[in-house]
Amino acid sequence: MDSFVVIFNHSVSTSLASMHPLYVVFSVIVYTLALIVLPLFLIITVFAITFLVIYIKELITQEQQPPIAGPVFNHLVYFNTMFDYHSYLARKYCTYRMITPTHSEIYTVDPRNVKHVLKTNFSNYGKGQYNYGIMKDLFEDGIFAVDGEKWRHQRKLASYEFSTKVLRDFSSVIFLANAAKLVAKVSEAATSNIMMDLQELLMKCTLDSIFKVGFGTELNSLSGSDEIGYQFSKAFDDANVSVYWRYVDPSWKIKRILNIGSEASLRRNIKVIDAFVLRLIRRKRKQMKNEKDEKCTKEDILSRFLVESEKDPENMTDRYLRDIILNFLIAGKDTSANTLTWFFYMLCKHPFVQEKVVQEVRDAMKGSENPSIQEFTELDGKSSEKEDVLPDGSRVKKGDGVSYMPYAMGRMTLVWGEDAEEFRPERWIENGIFRPESPFRFVTFQAS
């Protein structure tokens, strides 16, 4: 047998030596590709067959679960029109699900189900390990990533601090000051007839505001005068994009291990973010030890949390404070900026409403430089920890994802009536007074 191998290898070597060099190279490449492609093809085939079996089984055994709208891979097909795709499905099924290889992802626009998940049976619906695994590199132990005791601790702290008059007054001053800077920027562009990216300006304005409220420090991203601040804001934005791309990139864990592509970029950006934020926290700690004027040192969120950290230094470390504050930045920046961007977009599409809003602002401004807000009238996902039944009768298995959809809910006639898709701001006004809706129907603020 050994002699056969020697003879065989010798004959192959001899035949290879007699071949053209390009043919040899081509043969080696084809052979190598075959070694890679064939196993990959087999893996994909086995996965496809397994998923098909699971999908058919789910179709056959509904067991009071919501109707199946398709496999979760449909998200890749409709990626650029995701919200409208889910709105289309929600018009067909008030509650439905999409199948993954391991569980069902349930989607609903029924206000009763939203209330059940966010209030009635809230303890059963956490973010789960899947979402935590995706978000932890950037958000770590912040409120957007964690469940359980850490979530409750941060929620309690935030609820208390944001209800204090000192922080409310401080926030109002900061937001008014940055709004004035934004108006100056927009006025300058309008006077010069220069095109501007309003969403970008609003993002920078809200980031500057929430950063000052959060850290007590000017970031100046709107003016672009601070190079270090610019590096942080860019790293922060880019890191957010990288994290959320993980939801549609099945290879992100491999990229993370190999430190390549978007994951390498994310790692670099997190280093920039951490260095900047931890330096601010250390500086603020030092300042508070030397600061005698307590009012000055306790206006921003970080200062107030640093006072709390003295009661529990073992758990409320600089790293934990970093997680808390960064999560507040996300909450204050993107929500406000995107809402304002959408508001101005809708005003541009409806000039008549635009004129009414302008007139209302003028009326409110009469005799007042800083009118109060009262003078004006005009896909979050959870994972079920145990089996449950939603109010509409839909069964939820342990480990199933449950998502409510504010975008789709705002377009549902079953929620808002036949004129649901009309831009009619006066629907919120009754006898000249603002009429708030149930937070489980108008769920844009996550019912909080």
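The rows are residues; the columns are (1) of a type in the set (Lys, Arg); (2) modelled with pLDDT of 80 or more; (3) more than 30 Å from ARG97 (Cβ to Cβ); (4) more than 31 Å from the chain's Cα centre (by Cα).
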| position | (1), (2), (3), (4) |
| --- | --- |
| LEU280 | no, yes, yes, no |
| TYR320 | no, yes, yes, no |
| ALA337 | no, yes, yes, no |
| GLN359 | no, yes, yes, yes |
| SER383 | no, no, no, no |
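Output yes when any residue across segment 296-314 is over 20 Å from GLU161 (Cα atoms) and either β-branched (Val, Ile, Thr) or part of a helix (DSSP H, G or I) (or both), and no when none is.
So far as segment 296-314 goes, no, none of its residues is over 20 Å from GLU161 (Cα atoms) and either β-branched (Val, Ile, Thr) or part of a helix (DSSP H, G or I) (or both).
How many residues are under 26 Å from TRP245 (Cβ atoms) and at pLDDT 90 or above if we restrict to segment 75-97?
Of all residues in segment 75-97, those under 26 Å from TRP245 (Cβ atoms) come to 75-90, 96-97.
If we keep only those that are at pLDDT 90 or above as well, we get 78, 81-90, 96-97.
So the answer is 13.
Any idea which of (1) under 22 Å from the mean Cα position of the chain (by Cα); (2) surrounded by 15 or more Cβ atoms within 10 Å (Cβ to Cβ) is the one ASP197 doesn't satisfy?
Evaluating ASP197 over (1) under 22 Å from the mean Cα position of the chain (by Cα); (2) surrounded by 15 or more Cβ atoms within 10 Å (Cβ to Cβ) leaves (2) as the failure.
Got at least one residue in segment 124-137 being under 24 Å from ILE210 (Cβ atoms) and in contact with a strand residue (DSSP E or B) (Cβ under 8 Å, 6 or more places away or on another chain)?
There is at least one residue in segment 124-137 that is under 24 Å from ILE210 (Cβ atoms) and in contact with a strand residue (DSSP E or B) (Cβ under 8 Å, 6 or more places away or on another chain).
Quick one: count up the residues across segment 343-365 that are touching an Asp or Glu at 6+ places or on another chain (Cβ under 9 Å) and of a type in the set (Lys, Arg).
The number of residues fulfilling the criteria is 1.
Give the residues of segment 244-275 that are of a type in the set (Ser, Thr, Tyr) and part of a helix (DSSP H, G or I), sorted by residue number.
We begin by selecting, within segment 244-275, every residue of a type in the set (Ser, Thr, Tyr); these are 244, 247, 251, 262, 265.
Of everything in segment 244-275, those that are of a type in the set (Ser, Thr, Tyr) and part of a helix (DSSP H, G or I) turn out to be TYR244, TYR247, SER262, SER265.
So the check is Cβ under 8 Å with 6+ separation or different chains; which pairs have a first residue in segment 174-187 that's under 19 Å from PHE211 (Cα atoms) and a second one that's surrounded by fewer than 17 Cβ atoms within 10 Å (Cβ to Cβ)?
Going by the 8 Å Cβ cut-off, the qualifying pairs are LEU176/ASN370; LYS181/SER223.
Collect the residues in segment 395-404 that are over 21 Å from the mean Cα position of the chain (by Cα) and buried (at least 23 other Cβ atoms within 10 Å of the Cβ), keeping them in residue-number order.
VAL396
Quick check, is VAL24 of a type in the set (Val, Ile, Thr) and modelled with pLDDT of 75 or more?
For VAL24, the condition - of a type in the set (Val, Ile, Thr) and modelled with pLDDT of 75 or more - is not met.
Hey, ARG168 hits all of (1) at pLDDT 90 or above; (2) assigned to a helix (DSSP H, G or I) but one; which does it fall short on?
Of (1) at pLDDT 90 or above; (2) assigned to a helix (DSSP H, G or I), only one is false for ARG168: (1).
Tell me, which helices (runs of 4 or more DSSP H) lie completely within segment 63-157 with 2 or more residues that are in contact with a Phe, Trp or Tyr (Cβ under 7 Å, 6 or more places away or on another chain) and hydroxyl-bearing (Ser, Thr, Tyr)?
Of the helices (runs of 4 or more DSSP H) lying wholly inside segment 63-157, those with at least 2 residues that are in contact with a Phe, Trp or Tyr (Cβ under 7 Å, 6 or more places away or on another chain) and hydroxyl-bearing (Ser, Thr, Tyr) span 82-92.
So that you can scan it fast, the table gives a plain yes or no per residue for (1) surrounded by 17 or more Cβ atoms within 10 Å (Cβ to Cβ); (2) of a type in the set (Gly, Ala, Ser):
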residue: PRO250; (1), (2): no, no
residue: SER262; (1), (2): yes, yes
residue: ASN269; (1), (2): yes, no
residue: ALA275; (1), (2): no, yes
residue: ARG304; (1), (2): yes, no
residue: THR335; (1), (2): no, no
residue: PHE343; (1), (2): no, no
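Taking only segment 411-428 into account, find how many residues are surrounded by 15 or more Cβ atoms within 10 Å (Cβ to Cβ) and assigned to a loop (DSSP other than H, G, I, E, B).
3
Out of LYS115, LYS150, which single residue is over 30 Å from GLU418 (Cα atoms) and among the basic types (Lys, Arg)?
LYS150
Considering only segment 210-220, I want to know if a residue exists there that is under 30 Å from SER309 (Cβ atoms), in a loop (DSSP other than H, G, I, E, B) and polar (S, T, N, Q).
yes
Is it the case, given these coordinates, that ALA408 is small (Gly, Ala, Ser) and either exposed (fewer than 12 other Cβ atoms within 10 Å of the Cβ) or not in a loop (DSSP other than H, G, I, E, B) (or both)?
yes
Might you check whether a residue that is outside any helix (DSSP H, G or I) and either surrounded by 12 or more Cβ atoms within 10 Å (Cβ to Cβ) or small (Gly, Ala, Ser) (or both) occurs anywhere in segment 172-190?
Checked segment 172-190: no residue is outside any helix (DSSP H, G or I) and either surrounded by 12 or more Cβ atoms within 10 Å (Cβ to Cβ) or small (Gly, Ala, Ser) (or both).
The values are calculated or read from the model by the stated rules, or taken from the named source; none is laboratory data. These numbers were taken from a predicted model, which means no experiment stands behind them. A quick note on method: Cβ atoms are made from the backbone with ideal geometry, for glycine too, and the neighbour counts reach across all protein chains shown.
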